[in-house]
Protein chains: 2
Amino acid sequence: MDQQKTSAFKRNDRNRIKRGHKRGHYDQKTVYDIIDSHFLCHVAYEVDGQPFIVPTSHWREGNKLYWHGSIKSQMIRHLAKGNSATVSVTHIDGLVLARSAFSTSVNYRSAICYGTPTLVTDKDEWVRVMKLFFDKLAPERWEQLRPMTDQEYKATGLLEMDIEDAAAKVRADPPGDGEEADWPIWAGVIPLDIVERAPIKAPEKGGAPLLHGIMPAYDWKKS
Amino acid sequence: MDQQKTSAFKRNDRNRIKRGHKRGHYDQKTVYDIIDSHFLCHVAYEVDGQPFIVPTSHWREGNKLYWHGSIKSQMIRHLAKGNSATVSVTHIDGLVLARSAFSTSVNYRSAICYGTPTLVTDKDEWVRVMKLFFDKLAPERWEQLRPMTDQEYKATGLLEMDIEDAAAKVRADPPGDGEEADWPIWAGVIPLDIVERAPIKAPEKGGAPLLHGIMPAYDWKKS
């Protein structure tokens, strides 16, 4: 296939960015990079006119987006029936403090993907795709883990969604102040970043509970 | 009203957490704290059976959630007509590396709110509510900004949504390894946190372009 023709998503009524259209991107590379740089997505679907939204983890191979959940969850059951899903992946890169309220903004990278997921039921394919998730989260960890059991495979619904339409929107600029650029206050960007803190080793069986630093001090023995 | 009765959301078909129900919370304090601790939300709605999802900024006063956008945007126009919205606020607190794939998880705090937004049209109320947003993002900044113009007020659609139903879901635990707790690999939590980097002052009118650190090196003069 013509590389040029396959490298961008076509614009149509559901993926076209109308407001701030100069920040819109439809090329696969921009969309895929945003998807691949985070493991948190939000999945939206609707049931009888009621919109639902579920935060979950995702990964990608080629033009396919994957996510999973309990086979008994509403989301997995509903989407496995051939219903539409819309998936958003968003990075917040900074708070943009302009000299007017109107120009105050956020620097971000956002990708929205549209499609109709299906359930991966073939067990070999299911295992292959689940490994891809771990290769993204923690390379080489999959091979070290206690192997999946048949019961775990049966309990886990894995959805595969060919990305039919997609668009990215990116802001990575200083304040867009226009005529108020001389207004005499500080203006600029507060960059925001996600960082990893020092790993906290899990307690051995019967070991002491740990306090979690940034996380509330839950009693892990209850879980 | 009875404080006890008003301090929790009632459980029903749309907000009840069925999977991992022990992690579910319905009290207003837990839901509100999650909402207030971030400015990024995702808004889901549906148009003729097609789910849409929009990442945007939100704020809260009492049981009302607010967000805004261009008055011409699809989201604002559609929701201003009395259609349902579902809003999600999610914090990722850590990657939970268990000794099995099945127990591998994420520490998170998530709130989902259901309601039917309306447009705030009274100008005094509009200004009062917009100031609340700035009081959350950057206290005392509103008073310093170049005042809003009438044109900016007309261009900005402000939505107000009484939170009809809501639920929170929280995981803040070490790996939930069961029988595999003796499997001989490292397991634990990699805490994740959002941090502010050093502020980057905006260029003065005609000043030099800045490089953004974590952000791509866009040419700000194009914006």
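Per-residue ellipticity at 222 nm, computed for chain B from helices alone with -39500 (n - 2.57) per DSSP H run of at least four residues, works out to -5000 deg cm²/dmol. If you plug the beta carbon distance of B:R23 and A:E143 into 1/(1 + (r/R0)^6) with R0 = 30 Å, you get a FRET efficiency near 0.50. A simple spin-label model places pseudo-atoms 7 Å from Cα toward Cβ; at A:A155 and B:W183 they are separated by 1.3 nm.
Count Lys and Arg as plus one, Asp and Glu as minus one, and take only other residues whose Cβ is under 10 Å from that of B:R16; the net charge is then +2.
Which whole number gives the average, over all residues in B:162-173, of C-beta atoms from other chains lying within 10 Å of the residue C-beta?
Details: counts 0, 0, 0, 0, 0, 0, 0, 2, 3, 3, 8, 11.
Taking all residues of B:162-173 together, the mean is 2.
Sort region B:3-195 into rounded, prolate or oblate with this rule: let a ≥ b ≥ c be the square roots of the eigenvalues of the Cα gyration tensor; rounded if a/c is under 1.5, and if a/c is not under 1.5, prolate when a/b is larger than b/c, oblate otherwise.
Prolate.
Spin-label model, B:D33/B:L132: points 7 Å from Cα along the beta carbon direction are separated by 2.1 nm.
Going by a ≥ b ≥ c, the root eigenvalues of the Cα gyration tensor, does region B:80-156 fall in the rounded group (a/c under 1.5), the prolate group (a/b larger than b/c) or the oblate group? Display every interim value, and only then the final one.
Values: a/c = 4.48, a/b = 1.98, b/c = 2.26.
Judged from the Cα gyration tensor, region B:80-156 comes out oblate (a/c at least 1.5, b/c at or above a/b).
When B:N83 is represented by a point 7 angstrom out along its Cα-to-C-beta vector, the spacings to that point in the other copies are 1.7 nm, nearest first.
Note on chain A: dipole from Cβ charges, positive end direction compared against A:H42, A:G94, A:A187; the farthest Cα belongs to A:H42.
Using a label position 7 Å from Cα in the Cα→Cβ direction, what is the ascending list of nm distances from A:T149 to the same site in the other copies? Label-point separations across copies, in nm and ascending: 6.7. Summing charges over all other residues whose Cβ lies under 11 Å from the Cβ of B:W186, with Lys and Arg as +1 and Asp and Glu as -1, gives +3.
One Cα centroid belongs to region A:34-50, the other to region B:38-73; the line between them spans 14 Å. With label points set 7 Å from Cα along Cα→Cβ, the inter-copy distances at B:L119 are 4.3 nm, sorted shortest first.
Using the Cα centre of the protein assembly as shown as the reference point, and only Cβ charges (+1 on K/R, -1 on D/E), how large is the resulting charge dipole? Debye, rounded to the nearest 20.
Numbers: 62 positive and 60 negative charges, 91 e Å.
It comes to approximately 440 debye.
Every number in this text was worked out from the coordinates using simple rules, so none of it is lab data. Keep in mind that what you see is a predicted model, and the values were worked out from it rather than measured. As a convention, Cβ positions derive from the backbone with ideal geometry for all residues, glycine included, and neighbour counts pool all protein chains shown.
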